[in-house]
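Chemist: Please find one structure pasted underneath; my questions will follow.
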Amino acid sequence: MGMLDGKSALVTGAGRGIGRGIARLLAAEGAQVLVNDLGASLDGEGRDTGPAATVVREITEAGGTAIANTSSVADFEAVEGMVHQAISAFGKLDIVVNVAGILRDRMVFNMSPEEWQAVLDVHLKGMFNTSRAASIHWRETRAGGRLISMSSTSAFGSPGQPNYGAAKAGVIGLTLSCAAALGRYGVTANAILPTGSTRMIDSIPQAREAVAHTGKLPSELAVGTPEDPENVAPLIAFLASDAAAGVTGHVFGSFGYAYALMSQPKIIKAMRSERPLSVDELVEYVPKAFGGVMEGLELEYLGPDLEALAAQHGGWVEVRPGLYYWGSKLEPYGELVW
């Protein structure tokens, strides 16, 4: 018996990397899975039915149930058809996982409008397309659902990825909107900051160093290590299950063998006046009221540097053999019982 027995799922970008691992684990836990993958190159060009078909074969040979779809998530009408295909094949749709993505990296001053739009069309419009089509079904059936979408630490300021970073920040915003709008229908929505050596990592300049030293790409070296993209899948399976029925509107990190919960946006400092303030007064008062936290963006702490963050908050505590935990001093939730 699997924790997802009787459920059905649609996973976009499921032909490779993180999406492949998610589709395979959801199926292993009992879900019927629609495996969507356009089979395009990393920059979104071309198409190939092979990746989706391969994952479907892997699932069925392992005793699971899966069907393939090779539509582009950027195509609104095609995504409507994708959702209808899942409902027609499985009788319903319980889980949508948005993984599909492409890269067209450049600094903002070198980026063309086409490069900007292509990435937003897949990551952000693609999520809107699946969310809209699935939410219509969920609203009609009132049977509940799970919407789980891949964001990225690039959402917090990746200098060479203005299109990708903006799209992934948009994924968080759309996730929060869906969580607020769809909760009344029993639908949860959460975003994930995943890590793992996929073909996206294989494309960066540092990958050439790995090949020069080992003869293998980072994705080949990652198998069975903390960098293996399949490490993301268990968190997705949990969020897709009944055990996470009350978990919604959150951003989680999946960093190798570590998992994190991001804080919700909140006001950290404020000032007020009993009258309108002039610009000259703000020049004087703002640095006094908000100084320190305004002086530069510490990008290194916006990624999965859990060791540095743990050191700031008292370090890791071993709560079970081989299991460690730390919590932010800014988020006091009382003593945890493990």
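Readers should treat all values here as calculations from the given coordinates under stated rules, not as data from a laboratory. Keep in mind it's a predicted model, so treat the numbers as computed, not measured. Note: ideal-geometry Cβ built from the backbone for every residue, glycine included; neighbour counts use all protein chains shown.
Chemist: First check a/c for segment 22-71, with a ≥ b ≥ c the square roots of the eigenvalues of its C-alpha gyration tensor; if it is under 1.5, answer rounded, and if not, answer prolate when a/b is larger than b/c or oblate otherwise.
Modeler: Prolate, since a/c reaches 1.5 and a/b exceeds b/c.
Chemist: Could you calculate the contour length gain from S263 to A180, that is, 0.36 nm times the residue separation minus the distance between their Cα atoms, to one decimal place in nm?
Modeler: Computed gain between S263 and A180 is 28.2 nm.
Chemist: Using amide H atoms built in the peptide plane, which far-off residues or other-chain residues are under 5 Å from K7 H to H?
Modeler: Counting only residues 5 or more places away or on other chains, the set is Q32.
Chemist: Report the net charge of residues surrounding V187, where surrounding means a beta-carbon distance below 9 angstrom and charges are Lys +1, Arg +1, Asp -1, Glu -1.
Modeler: Computed value for this residue: +3.
Chemist: Across segment 1-152, what fraction of all alpha-carbon pairs, as a whole percent, falls in each successive 5 Å bin from zero upward?
Modeler: Pair shares across the bins are 2, 11, 20, 23, 19, 13, 7, 4, 2, 1, 0.
Chemist: Sort the following peptides by mean Cβ neighbour count (other Cβ atoms within 10 Å, averaged over residues), highest first: 23-29, 10-16.
Modeler: With the highest mean Cβ count within 10 Å placed first, the list reads 10-16, 23-29.
Chemist: Please find the FRET efficiency linking R142 to D242, where r is the Cβ-Cβ separation and R0 is fixed at 22 Å, and quote it to the nearest 0.05.
Modeler: Step by step, r from the Cβ atoms, then E = 0.85.
Chemist: Further question: So between T49 and A308, what do we pick up on full extension, going 0.36 nm a residue minus the alpha carbon distance?
Modeler: Once the chain is fully extended between T49 and A308, it gains 89.0 nm.
Chemist: Classify segment 73-190 as rounded, prolate or oblate, taking a ≥ b ≥ c as the square roots of the eigenvalues of its Cα gyration tensor: rounded when a/c is under 1.5, otherwise prolate if a/b is larger than b/c and oblate if not.
Modeler: Verdict is prolate for segment 73-190.
Chemist: Further, regarding this structure: Quick one: net charge of A31's neighbours, Cβ under 9 Å, K/R +1, D/E -1?
Modeler: With Lys, Arg at +1 and Asp, Glu at -1, the neighbours total -2.
Chemist: Please find the FRET efficiency linking E61 to T225, where r is the Cβ-Cβ separation and R0 is fixed at 35 Å, and quote it to the nearest 0.05.
Modeler: E between E61 and T225, to the nearest 0.05, is 0.90.
Chemist: Under a Cβ-Cβ cut-off of 15 Å, what is the net charge of the residues other than G249 that fall near it, where Lys and Arg count +1 and Asp and Glu count -1?
Modeler: +3
Chemist: Could I have the simple spin-label model distance between N110 and K92, label points 7 Å from Cα toward Cβ, reported in nm to one decimal?
Modeler: Placing both labels 7 Å along Cα→Cβ, they lie 5.1 nm apart.
Chemist: What order, most packed first, do the peptides 140-150, 243-253, 272-282 have when packing is the mean number of other Cβ atoms within 10 Å of each residue?
Modeler: 140-150, 243-253, 272-282
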